[in-house]
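Here's the structure, in C-alpha cells; my notes come after.
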Amino acid sequence: MRYAVLVCGPAGSGKSTFCKSILTHLETQRRQAHLFNLDPAADPASFEYEPSIDIKDLISLEDVMTELGFGPNGGLLHCFEYLLQNMDWLEEEIGEYDSDYLLIDCPGQIELYTHHALLPTIVSRLNQLGMRTCGVYLLESQFMEDRYKYFSGVLSAMSSMVNFEIPWINVMSKMDLVTPTAKDSDEADGARARNGPRGRRDIARYLDPDPHLLLSAAPTGVHSNPKFHALNQAIVHLIEDHPLVSFLPLDLTSTDSIETVLSHIDYTLQYGEDEEPKETSMKEISQIWNRGWKS
C-alpha cells in the first residue's frame, strides 16, 4: 500500500518547512518517505531534501509565463491543466515507489483548493492508482492576531475539505511564535513573540473555533462597521451548523508536537494496517544475538 499526504494552505503558512520536518522525523524512525514537489513555481534552492518527483521536470511556471505570456495565476492553472493532460508522466514517476510515504508540497494559491477542480482531479487519479491520500491544511498562527482574518482562514479550510472530499487534517502552524503569558513573550529570544501573548484558554478558542469570537466586542481603538453584523451572524451560524474544522497545534521546535501531528496523519491514512509482519532473517537474528552477547 502506498500513501500520499497533500500538504496545502495559504502562501507562507509553512508547507515546505512542514514537509522538511516530517521527512526528517520519518528518517529518524527509519521509515521510507519522499518529497513530491507539486509547485511549478518553486525555487529549487528552497528544498533541503531534493524532490523525488518534481512537476518542474514536466512543466514550470517560468516557461509558461515566458512562452505563452500568461500571468502568475493563469500560468499556474495552465501548468495543472497540462499535468492532467499528461497523467501518464505522473503514473510513471509514482510507479517506482511502493509502501512509501509521499509528501506532496503544493502551491500557496488558495483558489486551487477552494475554487478549482484541478487538484481534486489529480488526487482522484492518485486514488485510482491505489494510493491512500489525506490532506493536511496549514494555517499560520499569525491568523490569530485578527479574528476576521482568522475566520476567513477557517472558511477557506472548510471550503477545501468540501472541495477535495478526502480525509483531512487542519494544522495551526508556527505555534512556537505564540506564548501563553506576557512574561514568556518578553523572554522569548529577547523580544516579544510576534503572535503573543495569548492565554491558554484563548488559544483553545482558536484551535477549536469558537464562532462567537466574531460577535465579541471589537478591541479598543478598532471600529467595526454595523452593516457587517448580519454577515458575521450568518458566518457564525454556518460554522455552528457545520462544525468540520478544528486545528492541531504544531510547534516544529518540539519533537512531541511533530509526533502528535504525524500520528494523526498515520491514523487518518490507516498507515501500516495492511502490511504483512516483517520476517526476521537468520542473519539478522545472528547479528542481534552477537550484539547482545558482546554487551
Practice task
Please go through the range 145-178 and pick out each residue that is of a type outside the set (A, V, I, L, M), farther than 26 Å from Ser254 by Cβ, open to solvent by 30 Å² or more (accessible area, probe 1.4 Å) and modelled with pLDDT of 90 or more.
Solution key: Ser159, Asn163, Glu165
Completion exercise
Residue set Ser141, Ser160; condition among the hydroxyl-bearing types (Ser, Thr, Tyr) and under 22 Å from His115 (Cβ atoms); output residue Ser160
Completion exercise
Going through the range 95-142 in order, the residues found to be part of a loop (DSSP other than H, G, I, E, B), aliphatic (A, V, I, L, M) and within 13 Å of the chain's Cα centre (by Cα) are Ile110
Exercise for the section: Within the range 71-83, identify whether any single residue is farther than 24 Å from Ser13 by Cα, modelled with pLDDT of 90 or more and open to solvent by 60 Å² or more (accessible area, probe 1.4 Å), and answer yes or no. Expected result: yes
Exercise for the section: Examine the range 247-265 for a residue that is assigned to a loop (DSSP other than H, G, I, E, B), at pLDDT 75 or above and aliphatic (A, V, I, L, M), and state whether such a residue exists. Expected result: yes
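This table checks each residue for (1) modelled with pLDDT of 90 or more; (2) closer than 14 Å to Lys15 by Cα.
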{"position": "His115", "(1), (2)": "no, no"}
{"position": "Leu126", "(1), (2)": "yes, no"}
{"position": "Gly130", "(1), (2)": "no, no"}
{"position": "Ser141", "(1), (2)": "no, yes"}
Handout entry: Candidate set from the range 179-214 (those that are at pLDDT 80 or above and surrounded by 20 or more Cβ atoms within 10 Å (Cβ to Cβ)); member that is nearest to Ser124 (Cα to Cα)
Key = Pro209
Practice task
Write out, first by first residue and then by second, each pair whose Cβ atoms fall under 9 Å of each other, whose residues are 6+ apart or on separate chains, and whose first residue, in the range 255-269, is within 17 Å of Cys134 (Cβ to Cβ) while the second is surrounded by fewer than 13 Cβ atoms within 10 Å (Cβ to Cβ).
Solution key: Leu262/Gln29; Asp266/Gly272
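The values are calculated or read from the model by the stated rules, or taken from the named source; none is laboratory data. Treat the numbers as computed from the prediction; the structure is a model and nothing was measured. Positions of Cβ are generated from backbone atoms using ideal geometry, with glycine treated the same way; all protein chains shown enter the neighbour counts. Please note that ligands, DNA and RNA were not included when accessible areas were found on the heavy atoms of the full protein model with its side chains. Shrake-Rupley method; radii C 1.70, N 1.55, O 1.52, S 1.80 Å.
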